[in-house]
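Engineer: This is the structure I have questions about; it appears just below.
The values are calculated or read from the model by the stated rules, or taken from the named source; none is laboratory data. Quick caveat: nothing in here was measured; it's all calculated off a predicted structure. Please note: Cβ atoms are built from the backbone with ideal geometry, for glycine as well, and neighbour counts cover all protein chains shown. Surface accessibility is based on the protein's heavy atoms, side chains included, excluding ligands, DNA and RNA. Shrake-Rupley method; radii C 1.70, N 1.55, O 1.52, S 1.80 Å.
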Amino acid sequence: IKAIVPLLSPAEYAGRLPPPPHLIVLDAGHGGADPGTQNLALHLEEKNLTLDVVLRLKKLLEGRGYQVILTRSGDNKLAPLQRPDLEERDEVANRAKADLFLSVHFNHAVPAVTGTETYVMTPQFETSSGGAKDAVVGKAFPGNQQDFANVVLGYHLHRSLLAGLNSVDRGLKRNRYMVLEFPDCPAALVEAAYLSNNTDASRLATPEFRQRVAQALADGIDAYSAALAALHPPLPRPAEIHPAPASSRLHP
C-alpha cells in the first residue's frame, strides 16, 4: 500500500499527501574532515561534487520560484546540536519547517558497478531494500509520517535522474538512513552516480555533467510538485461583489 498504491491511485490518498512544496532544504552529503567516497585515480572527492551539484540545484530551484536552504554552503562538517552530525542535517529542515528535504550523494561499490539509486525511508515493520537485517524494524520514526509522500517524491526524482543522465537503473529503494529517519517533511536521498566507477567519475569531473545532475533533480522536484498540485487545486478566489446598477435599485 505504501510502496505502490500512492503512485497508481494518488487521488485515493490525497488526504495523506501534502500540498506542493515551497521551502526546500538541500543537503550536500559529507563535508569537512569527511570526504565521502574518493576516486584517488581521478583526484575526486564526494564532498566537493555534492556541494557543487547542490549549489547548481539551488540556483535552478530559486529561478523556478522555490525557497531553498542549504545544510552546508562550504567545505565544512556540520556542528551537532548534542546529536550526531547526520541527525543535525534534518534538524536544519525541521527548524525551518521545510516542505521537502533532499540529500545528494555519489555512490561506491566495486569498480564495475554503475548507475543511479534513489532512497526513501523504509516504512515501519518493513525490511529495507536488499533484505538487510534491521534491529529497529518495528520502530516508527518521524520520517514514517510521510511514507506516502516519500514514495511519490522518490519516484519522480528517480525517473527524472534516469532520463536526464541516461543512467543504469539501480532502483528506487528503501533504507533507514539517518537523514531519512528524522525529517518532519517528505525526504529522499539520491545516489546519482558511482564515484567508484571510473566512467561515472569521469563524467562527474565535468561541470557539464554536474549541471545535468542538478537539472534532473530540479525537474524531478517540479514533477513531484505538479503531481501534488493536481491533488490539491488552489481554492477559487472569492467572487468580487459589485453594486447593483442604479436603475435596478428600489426607491422608497
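Engineer: Any chance you could count how many residues in region 108-126 are assigned to a loop (DSSP other than H, G, I, E, B) and crowded, with 24+ Cβ neighbours inside 10 Å? Lay out the reasoning, then the answer.
Structural biologist: Start the filter on region 108-126 by keeping residues that are assigned to a loop (DSSP other than H, G, I, E, B), which leaves 108-115, 121-126.
Checking the rest, the ones that are also crowded, with 24+ Cβ neighbours inside 10 Å come to 121-122.
Looking only at that region, the number is 2.
Engineer: Could you tell me whether ASP219 is over 24 Å from VAL110 (Cβ atoms), open to solvent by 10 Å² or more (accessible area, probe 1.4 Å), of a type outside the set (Ser, Thr, Tyr) and within 12 Å of the chain's Cα centre (by Cα)?
Structural biologist: Judged against the criteria, ASP219 is a match.
Engineer: Mind listing whichever residues of region 156-166 are crowded, with 21+ Cβ neighbours inside 10 Å and either in contact with a strand residue (DSSP E or B) (Cβ under 6 Å, 6 or more places away or on another chain) or of a type in the set (D, E, K, R) (or both)?
Structural biologist: LEU157, HIS158, LEU161, listed by residue number.
Engineer: Tally up the residues in region 64-107 that are modelled with pLDDT under 85, assigned to a loop (DSSP other than H, G, I, E, B) and not hydrophobic (A, V, I, L, M, F, W, C), please.
Structural biologist: So the answer is 6.
Engineer: OK, next. Would you call SER129 at pLDDT 90 or above, surrounded by fewer than 19 Cβ atoms within 10 Å (Cβ to Cβ), among the hydroxyl-bearing types (Ser, Thr, Tyr) and touching a strand residue (DSSP E or B) at 6+ places or on another chain (Cβ under 7 Å)?
Structural biologist: So SER129 fits the description; yes.
Engineer: If we keep just the residues of region 168-213 that are farther than 30 Å from LYS97 by Cα and assigned to a loop (DSSP other than H, G, I, E, B), which is most open to solvent (accessible area, probe 1.4 Å)?
Structural biologist: VAL168
Engineer: Considering each residue of region 1-34, count those that are over 19 Å from ASP99 (Cβ atoms), open to solvent by 30 Å² or more (accessible area, probe 1.4 Å) and in a loop (DSSP other than H, G, I, E, B), and give that number.
Structural biologist: The total comes to 7.
Engineer: Answer yes if at least one residue in region 10-19 is within 21 Å of PHE148 (Cα to Cα) and of a type in the set (Phe, Trp, Tyr), and no otherwise.
Structural biologist: Yes, that holds for at least one residue.
Engineer: Just checking, does region 76-84 include any residue being in contact with a strand residue (DSSP E or B) (Cβ under 9 Å, 6 or more places away or on another chain) and not charged (D, E, K, R)?
Structural biologist: Pass one, region 76-84, residues in contact with a strand residue (DSSP E or B) (Cβ under 9 Å, 6 or more places away or on another chain): 76-78.
Filter once more, so that each one left must be not charged (D, E, K, R): 76, 78.
Yes: region 76-84 contains one or more residues that are in contact with a strand residue (DSSP E or B) (Cβ under 9 Å, 6 or more places away or on another chain) and not charged (D, E, K, R).
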